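Structure record follows, encoded as structure tokens.
The values are calculated or read from the model by the stated rules, or taken from the named source; none is laboratory data. Remember, predicted model here, so these are calculated numbers, not experimental data. Cβ: placed from backbone, ideal geometry, glycine included. Neighbour counts: every protein chain shown. In case anyone asks, the SASA skips ligands and DNA or RNA and just uses the protein heavy atoms, side chains included. Shrake-Rupley method; radii C 1.70, N 1.55, O 1.52, S 1.80 Å.
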Amino acid sequence: MSNKAHKADLIASILMSNWLWVVIILVIIIGIVKACVGSDIDPMDNSIVKSREIVEHVIVTDSTYNGFRVVYATKNSVTQERLAEIKSRKNIRDAFGRLKNDAPIHFGSLLETDIYDFAEFAIRYDVDPDIHLHNIFIEGKDKCDLYIGPNPRIENPAVFFNAGTEQGAQYISHEDIYCRRRKEDRIYRYWKCYGIHTTSSVDERYSHFSEDERVW
């Protein structure tokens, strides 16, 4: 056996018989290096307990209290500490205030405003890279009552709107808001409705669920 091979076998034997100490030493070295180099992760974000969170429900209505409820969410999973910091940002608070003020001026009556037309307007107020529009719902008694009425395709259609469950309320999703901006791509959705009555390709102003399907 050559001298080099003998030395290699000797080193391997030493390492195998002292593997626990080798591991401990490596862990210590790694810890020292990390302490010296430091971490570029903000302590506010340094947690495995993270999730995507709702930032705020922004109510945008006209003088008749009809309009839309805009739901904003974080783009990524965040800690509760980061969520609180995001909610406190001045640029976000200012954007919410401007949207509430400017939309009624731009559209006049929000009662007859199409939800997609409003979404296109609301996108202009995306001012922070950490949040985006998550959903938009219709808001207000008169606005919601537009989606209660005889439906030729439903037996015993719903005859009243329950603000507690919001069943039948029209809404659109995050994907709709950002990816269905052409009129021919629009999909209108109806909250807690089922089967073929869950969505429509046009703004259908009547009941999309029956009294038998009411969730109370």
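To the nearest 0.05, how large is the calculated FRET efficiency for residue 88 and residue 65 if R₀ is 41 Å and r is the Cβ-Cβ distance?
0.90
Placing R0 at 35 angstrom, the Cβ-Cβ distance between residue 145 and residue 75 gives a FRET efficiency of 0.50 after rounding to 0.05.
Model label points for residue 106 and residue 25, set 7 angstrom from Cα along the Cα-to-Cβ axis, are 6.7 nm apart. Each residue of the range 59-216 gets 126 Å³ once the volume of the Cα convex hull is shared out per residue.
How many angstrom separate the Cα center of the range 87-139 from the Cα center of the range 45-83? Answer, in whole Å: 13. Along its three principal directions, the equivalent ellipsoid of the range 49-128 from the Cα gyration tensor extends over semi-axes of 27, 12, 10 Å, largest first. Here's the list of aspartates and glutamates a cross-link from residue 143 could span, going by alpha-carbon distance under 14 Å and ignoring same-chain residues fewer than 8 apart: 62, 112, 114, 166, 203, 204. Less than 5 angstrom separates the built amide H of residue 138 from those of 69, 170, all sequence-distant by 5 or more or on a different chain.
Under 5 Å from the amide H of residue 210 lie the amide H atoms of 158, each residue being 5 or more positions distant or on a separate chain, with H modelled from the backbone and absent for Pro and chain starts. Counting only residues at least eight positions apart within a chain, or on another chain, the aspartates and glutamates with an alpha carbon under 12 Å from that of residue 90 are 128.
Within the full protein context, the accessible area of residue 63 is estimated at about 110 Å² for a probe radius of 1.4 Å. Computed from label points 7 Å out along Cα-Cβ, the spacing between residue 98 and residue 216 is 4.7 nm.
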